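Peer 1: Here it is, the structure in full.
The numbers here are math on the coordinates, done by the rules we state, and not lab data. None of the values given here were measured: they were computed from a predicted structure. We place every Cβ from the backbone using ideal geometry, glycine too, and count neighbours over all the protein chains shown.
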Amino acid sequence: MLTDTNSSKYADDAESWPSTIVHPSSDIHVWSEEVSCGEDTCLEDFFTAKLVLNCTLSEDKTYLCGPNVPNGTLFETELACEPNNGFLGSSTTGQNIKRGSMPNPCIALYDIWDWGFGGNDFPVQYSDPRYEEPWEVYDTECKWQSEPNDEPYWNCYFANDEYDTWWHHCEFDGNHSLWFCTDVFGSEASSEDNQNATERPEESAQEVIESFQEGALEVRYDPADPTRVFVGDPTMVSTNVGVYVGIFIAGLAVCVGVVRIITSTMKTTEEH
């Protein structure tokens, strides 16, 4: 529950951490499911999240993270709030599942839930006014003739390493770790050297990244270790505990009051 020492300590540390938005390659799934609530059935919300931050090591040996950090390294952490492992509302399904370093990930439910429906998934298309066909943009690796018995093509993949399709021309933007692929130059232009080409517009990678930033999920991260993240407001951890305790005390008071009223009524009836 939210009262454990590790959760409070982690939240206290997170108050001083800097904030950033997650990298577009972050993968979030949200859903609702019926769970047992004593004798009743409740509909509760859940999520699994692979959160990715783009970070670079500063001269002071701490990390600076952000979607526009050049030549960054991608740091990944997982959080999950799943059935039979969550503390949600009146649910009695048990303790929070822990993935990554953030204790009690279910307290991040509503921040992640809101972004889970609005986040974008790669590959995405980038429109280039010079050509009729847009560029296809990947945040995973594209490989030259990587599939068995391939013609001289580039092969690109989805985030789960599942093969997507092939292209004649793919070039790599190392500053943002993005691949831009197209067939507009024809098969005769297909070459392993395409990865160093700059046929795409100079601002293309920046525009793709910016398209993901509007409404993106914001997290706090430990500048000494970007795999340690906190989603939401860390000052609310103690507040949430107080809310649960307050609800319990208020409920107990109501029950005591009802018992007293019933007892008083019974006594009055007996006297008459």
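Peer 1: If R0 is 35 Å, what FRET efficiency do you get for ASP183 and LEU43 from their C-beta distance, rounded to 0.05?
Peer 2: Efficiency, from the Cβ-Cβ distance: 0.15.
Peer 1: At a Förster radius of 25 Å, what calculated FRET efficiency corresponds to the Cβ-Cβ distance of TYR163 and ASP121, to the nearest 0.05?
Peer 2: Once rounded, the FRET efficiency stands at 0.95.
Peer 1: I would also like to ask the following. Ratio to report: Rg/Rh of the stretch 124-208, with Cα atoms as the point set and Rh obtained by the Kirkwood method; give two decimals. Present the calculation step by step, with values, prior to reporting the outcome.
Peer 2: Numbers: Rg = 12.0 Å, Rh = 12.9 Å.
Checking Rg against Rh, the ratio lands at 0.93.
Peer 1: Output the relative contact order of the stretch 124-208, whole-number percent, from Cα pairs under 8 angstrom with separation of 6+ residues.
Peer 2: The value is 25 percent.
Peer 1: Testing the spin-label approximation: label points 7 Å from Cα along Cα→Cβ at ALA224 and ASN71. State their distance in nm.
Peer 2: The two pseudo-label positions are separated by 2.7 nm.
Peer 1: Sticking with this structure for a sec: Taking loop as defined by DSSP and a crowding limit of 10 other beta carbons within 10 Å, which trypsin sites (Lys or Arg not before Pro) in the stretch 6-83 fit?
Peer 2: Taking the stretch 6-83 and a limit of 10 other Cβ atoms within 10 Å, the loop trypsin sites (Lys or Arg not before Pro) found are LYS61.
Peer 1: Could you tell me how far the Cα centroid of the stretch 189-208 sits from the Cα centroid of the stretch 1-78, in Å?
Peer 2: Their Cα centres are 32 Å away from one another.
Peer 1: Please work out the FRET efficiency for the pair LYS61 and ASP13, using the Cβ-Cβ distance as r and a Förster radius of 22 Å; give the result to the nearest 0.05.
Peer 2: Working from the Cβ atoms, E equals 0.80.
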